[in-house]
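Working notes for the structure below.
The values are calculated or read from the model by the stated rules, or taken from the named source; none is laboratory data. Predicted model, so just to flag it, every value in this text is computed and none were measured. Each accessible area value is taken on the protein alone, full model and side chains, heavy atoms only, with ligands, DNA and RNA left out. Shrake-Rupley method; radii C 1.70, N 1.55, O 1.52, S 1.80 Å.
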Amino acid sequence: MAANFFIPKHKNDDSHILRVEKHLLEKYYDHLTVNIRNRVLIAYGNCKPSKESITYTFKLKFTPGNAPAVYVTDPQITYDDEIHMYSTDNRLCLYYPKDYSWNDKSHLFNTIVPWTHEWFLFYELYQVTGKWLHPYVDHRKI
């Protein structure tokens, strides 16, 4: 009976997951501002893919049990069939859900944030070439 007293009860608790994610984001990315409100983690950050690039700002929103969502906050980028955004809410398409590259065991700091920075690089290449050069699954077929 006494052994149960020493087993942490927060292992799968949403608030624990959010605190761990916040800690990891702040540890690895000093350019992010991270807050937790109403059981939702919100992170604001920026990305400048090259010396010649503009600075993009973004918002990452994560609720445990749901896929994270990343939105460009500045400059405004509108949906286009050729770039990898979702037409329903203009969030970035960072991975193919059916390949399980993101799952409930993943961390934001080593998946979603680097993928967001990579997205901005490919967005800039798209602006130059007119083609999305990163491998992708056509959204129109999903």
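Its relative contact order, with pairs defined as Cα atoms under 8 Å and 6+ residues apart, puts the chain at 16 percent.
Converting phi to 3J(HN,Hα) with the Karplus coefficients 6.51, -1.76 and 1.60 and the offset θ = phi - 60°, the stretch 59-74 yields 10, 10, 10, 9, 10, x, x, 10, 5, x, 10, 10, 10, 7, 9, 7 Hz in sequence order, with x at every glycine or proline.
Annotation: the chain has a Kirkwood hydrodynamic radius of 16.6 angstrom, from the mean reciprocal C-alpha pair distance. Regarding the stretch 26-89, what's the average projected area of the Cα-atom convex hull, expressed in nm²? For the stretch 26-89, the mean projected area of the Cα convex hull comes to 5.7 nm². When a 1.4 Å probe is rolled over the protein heavy atoms, the share of accessible surface on the chain that falls to carbon and sulfur comes to 52 percent. Axis of helix 112-129 versus longest Cα principal axis of the chain: the two differ by about 0°, to the nearest ten degrees. Helix 14-28 versus the longest principal axis of the chain: what angle, 0 to 90°, nearest 10, using Cα atoms? Taking Cα atoms only, the helix is inclined about 60 degrees.
In the chain, helical runs assigned H by DSSP with n ≥ 4 each contribute -39500 (n - 2.57); averaged across all residues and rounded to the nearest 500, the mean residue ellipticity at 222 nm is -7500 deg cm²/dmol.
Under a straight-distance cross-link criterion of Cα-Cα below 18 Å, which aspartates and glutamates are reachable from residue 22, leaving out those fewer than 8 residues away in the same chain? Cα-Cα hits under 18 Å: 13, 14, 30, 104. Taking a ≥ b ≥ c as the square roots of the eigenvalues of the alpha-carbon gyration tensor, the stretch 55-95 is classed oblate because a/c is 1.5 or more while a/b is no larger than b/c.
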